[in-house]
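Chemist: Have a look at this one before I ask anything.
The values are calculated or read from the model by the stated rules, or taken from the named source; none is laboratory data. From a predicted model like this one, the values you see are computed outputs, not experimental measurements. Quick reminder, even Gly has a Cβ in these numbers, built from the backbone with ideal geometry, and neighbours come from all protein chains shown.
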Amino acid sequence: MEKGGVFPFPSRRFISLATEQVFYFLETNRREKKRTEEKKLFSTTSFLSFSFLSFSTHTGLVSSVIMLDAVKSGDAKKLAEMMRQDPGFKVNMALVGSGNTFLHSACCGSHRSAVIPLLLAHPDIDVNAKDTSGQTPFYYACYYGNTSCAREMLKDSRVKVNEPSNDGWTPLYHAARYGSLDIIKVWIASGREMDLGTPGDVDKTDAIGVAKKNGKTEVVSLLERFKSDAAKTRSEVRKELGITGQYYLFFSID
């Protein structure tokens, strides 16, 4: 018998590791497909139609849909005028089924960041409102990789930046997983708390671990520097971003 025609039977550990990798690959593809489909949903006009049909019935339904359209288009001037005309509008109104609020929608696209300060300034705003999956607006900004939106949210001390979803995923986990280096930089520069997660928990919270697993080398390097010396890394990142003095470019020291 020719030796070249015989293959050694794989060990139990090899089969276990191979199976784990296959499941990880399938789950990663599923999540990425879901993320892409959600991005498409939030960026198309069909979302407006869906919103019109799904908002809870109330007297200001039409004006709320128009406001949502202003949020989707990032039209701060239009939204400000609408809010002036209807100061009592329900800023925390959520879509039936998904639980998305105006602020969630604002954090789904970088071109919408201009409307975020208007929403945050509303006296009744719930900056940490959760959708049906337990995801906050800041979570959305990190999940969809919208740096300008994340920057606006980081300015507000009420925002719980490390708040996990119902499944236990954190905003930083997704920023690291998808290689959103700029979001992580402005986060570090802001001085806000940053939970790197539980080492080894690459499926839920371990930001460095999931970045390594997905080949996001720049993110890994930055987070490892931050983990080693947070103050030094923050100073270096602020310098890199051109943020100097007591009052930074978009963050102020209390």
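Chemist: Return the only residue of 180, 190, 228, 235 being outside the structural domain of residue 103 (by TED's automatic domain parsing) and in contact (Cβ under 8 Å) with a residue 60 or more places away in the chain.
Modeler: Sole residue among the options that is outside the structural domain of residue 103 (by TED's automatic domain parsing) and in contact (Cβ under 8 Å) with a residue 60 or more places away in the chain: 190.
Chemist: Within the bounds of the stretch 133-151, is there any residue that is out of contact with any Phe, Trp or Tyr (no Cβ under 7 Å at 6 or more places or on another chain) and among the charged types (D, E, K, R)?
Modeler: So far as the stretch 133-151 goes, no, none of its residues is out of contact with any Phe, Trp or Tyr (no Cβ under 7 Å at 6 or more places or on another chain) and among the charged types (D, E, K, R).
Chemist: I'd like to verify a number: residues in the stretch 70-100 that are within 20 Å of residue 131 (Cβ to Cβ) and out of contact with any strand residue (DSSP E or B) (no Cβ under 8 Å at 6 or more places or on another chain), how many?
Modeler: Taking the stretch 70-100 as the starting set, the residues that turn out to be within 20 Å of residue 131 (Cβ to Cβ) are 71-72, 89-100.
Applying the additional criterion that residues be out of contact with any strand residue (DSSP E or B) (no Cβ under 8 Å at 6 or more places or on another chain) yields 71-72, 89-92, 94, 97-100.
Result for the stretch 70-100: 11.
Chemist: Still on this structure, please answer the following. Answer yes if at least one residue in the stretch 230-247 is within 20 Å of residue 128 (Cα to Cα), assigned to a helix (DSSP H, G or I) and either charged (D, E, K, R) or modelled with pLDDT under 95 (or both), and no otherwise. Outline the logic, then answer.
Modeler: Residues of the stretch 230-247 within 20 Å of residue 128 (Cα to Cα): none.
Checking the stretch 230-247: not a single residue is within 20 Å of residue 128 (Cα to Cα), assigned to a helix (DSSP H, G or I) and either charged (D, E, K, R) or modelled with pLDDT under 95 (or both).
Chemist: Give the residues of the stretch 120-160 that are surrounded by 24 or more Cβ atoms within 10 Å (Cβ to Cβ) and hydrophobic (A, V, I, L, M, F, W, C), sorted by residue number.
Modeler: 138, 141, 142, 149, 150, 153
Chemist: Is it true that some residue in the stretch 78-89 is on the phi < 0 side of the Ramachandran plot and in contact with a Gly (Cβ under 7 Å, 6 or more places away or on another chain)?
Modeler: Yes, that holds for at least one residue.
Chemist: Name the one entry in 186, 210, 161, 219 that is in a loop (DSSP other than H, G, I, E, B) and of a type in the set (Val, Ile, Thr). Give the steps one after another, and end with the answer.
Modeler: Values: 186 fails: in a loop (DSSP other than H, G, I, E, B); 210 fails: in a loop (DSSP other than H, G, I, E, B); 219 fails: in a loop (DSSP other than H, G, I, E, B).
The unique qualifying residue is 161.
Chemist: Could you identify the single residue in 208, 183 that is crowded, with 18+ Cβ neighbours inside 10 Å and within 16 Å of the chain's Cα centre (by Cα)? Write out each step before concluding.
Modeler: On the way: 208 fails: within 16 Å of the chain's Cα centre (by Cα).
One residue alone meets the criteria, 183.
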